1. Exactly one condition in (1) more than 30 Å from Ala307 (Cβ to Cβ); (2) within 12 Å of the ligand (Cβ to nearest atom) is not met by Ala48; state its number.
2. Would you confirm, using the coordinates I've provided, whether Ala224 is more than 24 Å from Leu89 (Cβ to Cβ) and aliphatic (A, V, I, L, M)?
3. Assess whether Pro58 counts as being within 15 Å of the ligand (Cβ to nearest atom), surrounded by fewer than 17 Cβ atoms within 10 Å (Cβ to Cβ) and not aromatic (Phe, Trp, Tyr).
4. Residues that are closer than 27 Å to Ala23 by Cα and either buried (at least 18 other Cβ atoms within 10 Å of the Cβ) or within 16 Å of the ligand (Cβ to nearest atom) (or both): does the range 196-203 have at least one?
5. Looking for whichever is within 11 Å of the ligand (Cβ to nearest atom), of a type outside the set (Phe, Trp, Tyr) and crowded, with 18+ Cβ neighbours inside 10 Å here; the options are Leu37, Leu64, Leu53. Which one fits?
6. Please state which one of Arg205, Arg173 is within 21 Å of the chain's Cα centre (by Cα), of a type in the set (Lys, Arg) and under 23 Å from Gly124 (Cα atoms).
7. Which number in (1) surrounded by 15 or more Cβ atoms within 10 Å (Cβ to Cβ); (2) touching a residue at least 24 places away in the same chain (Cβ under 8 Å); (3) within 24 Å of Leu69 (Cβ to Cβ); (4) under 16 Å from the mean Cα position of the chain (by Cα) marks the one condition that Pro218 misses?
8. Residue pairs, Cβ under 9 Å, 6 or more apart or interchain, first in the range 111-138 and small (Gly, Ala, Ser) and more than 6 Å from the ligand (Cβ to nearest atom), second in a strand (DSSP E or B) and at pLDDT below 95. List them.
Amino acid sequence: MMMVEPARFAALRGKLERDAPLAPHTSWRAGGRADRLYVPADRDDLAAFLRTLPAGEPVLPLGLGSNTLVRDGGVRGTVILMHDSGAMLAVQDGLVYADAGVASPKLARFAAMHGCGEAEFLAGVPGTVGGALAMNAGCYGGETWTYVARVQVLLRDGTFAIRTPADYRIGYRSVTERDGSPLRGLFTAAWFRFPPGDPATARARIKELLAQRIASQPLQEPNAGSVFRNPPGDHAARLIESCGLKGHAIGGAQVSPRHANFIVNPQRRASAADIEELIAHVRTVVLERTGIELEPEVRIVGEPAPAGEQR
Ligand SMILES: Cc1cc2nc3c(=O)[nH]c(=O)nc-3n(C[C@H](O)[C@H](O)[C@H](O)COP(=O)(O)OP(=O)(O)OC[C@H]3O[C@@H](n4cnc5c(N)ncnc54)[C@H](O)[C@@H]3O)c2cc1C
């Protein structure tokens with residue numbers, strides 16, 4: 001049970017909600033609740049909030065929840081909502097600065113408008129800059145960390161630090177501390193070095209990439225993008241389709257008939273358990289039939305619902 005010092009907490013400007021539903025904060029629109037949800041007013045407020053928390057209180061940052069499955073039993077501890085529609089973008093000394101709460105498509109358009117090339121791939125990644133940093137989000141040959149000059153992180157004790165890519169181990173959809181341990185601290189900002197580009201060409205490229213997505217992805221139905229990483233030299237979608245799993249459903253969750261590496265929640269009635277069971281089923285069938293073990297790309301957090309307490 002979290003205890004905060006009332007006097008210190010009173011000085012905070014953010015919003016703290018107890019027993020808060022997280023489904024509205026995830027793109028799957030499914031899953032449980034957070035013991036506490038904090039929406040910081042800004043990064044100094046967030047730092048002050050972290051200083052009020054006991055050292056043992058678990059803290060989970062959530063951007064736009066576009067790569068996250070929250071189990072039905074919810075998250076113990078405090079979830080920090082990092083997305084901020086008022087977050088800042090700027091050009092500083094030839095680098096593009098973005099607060100972590102900026103939506104990645106907004107960064108792509110800002111970079112294009114300011115004569116930067118190669119940021120276009122971020123236009124179709126519907127998360128925050130913080131989420132893109134944590135996941136090393138990428139597509140169409142581009143990856144977030146290729147362009148990172150430095151980041152600002154907020155550590156659990158409420159202090160800030162500046163880090164560079166050399167401070168991390170960066171891989172395909174994976175970023176850890178240098179020693180391979182999970183990330184410590186929250187990303188609060190990043191400075192990107194994009195090569196020069198032509199604004200009109202970049203805008204046209206964004207349009208083209210978005211059209212490709214609209215044509216191939218089930219964007220009208222709640223989903224979390226690609227569920228599985230692509231195994232070396234192959235595509236998860238191809239393997240899943242080859243096993244006849246397109247359209248396969250468990251409860252309210254379905255392997256998208258449109259894109260086999262997407263699991264959708266078409267009627268918004270899937271529980272997180274439905275989605276997780278379907279993920280497990282797809283892995284089992286693909287392993288049995290192809291010998292390839294698919295690894296989930298989505299992050300699964302929280303506790304299962306207590307037995308007999310399905311949503
Ligand atoms: C339709 C669709 C298409 C997609 N296409 C792509 C694609 O092409 N390429 C791709 O890579 N991904 C894709 N994704 C997945 C997802 O959008 C990306 O992984 C995105 O970067 C996640 O950002 P988010 O803010 O939503 O992260 P969340 O889902 O909120 O969080 C993801 C992880 O990052 C951590 N995190 C979030 N914010 C911070 C922070 N500030 N500091 C530290 N950790 C943090 C969370 O704790 C969690 O572990 C797609 C998703 C959808 C729904």
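The values are calculated or read from the model by the stated rules, or taken from the named source; none is laboratory data. Fair warning: this is a prediction, and the values are worked out from it, not measured in the lab. Neighbour counts are summed over all protein chains in view; Cβ atoms, including those assigned to glycine, are modelled from backbone coordinates with ideal geometry.
1. Every condition holds for Ala48 apart from (2).
2. yes
3. In short, yes.
4. No, the range 196-203 contains no residue that is closer than 27 Å to Ala23 by Cα and either buried (at least 18 other Cβ atoms within 10 Å of the Cβ) or within 16 Å of the ligand (Cβ to nearest atom) (or both).
5. Result: Leu64 is the single residue among Leu37, Leu64, Leu53 that is within 11 Å of the ligand (Cβ to nearest atom), of a type outside the set (Phe, Trp, Tyr) and crowded, with 18+ Cβ neighbours inside 10 Å.
6. After ruling out the rest, the residue left standing is Arg173.
7. The failed condition is (4).
8. That search, which allows pairs on different chains as well, returns Ala119/Gly142.
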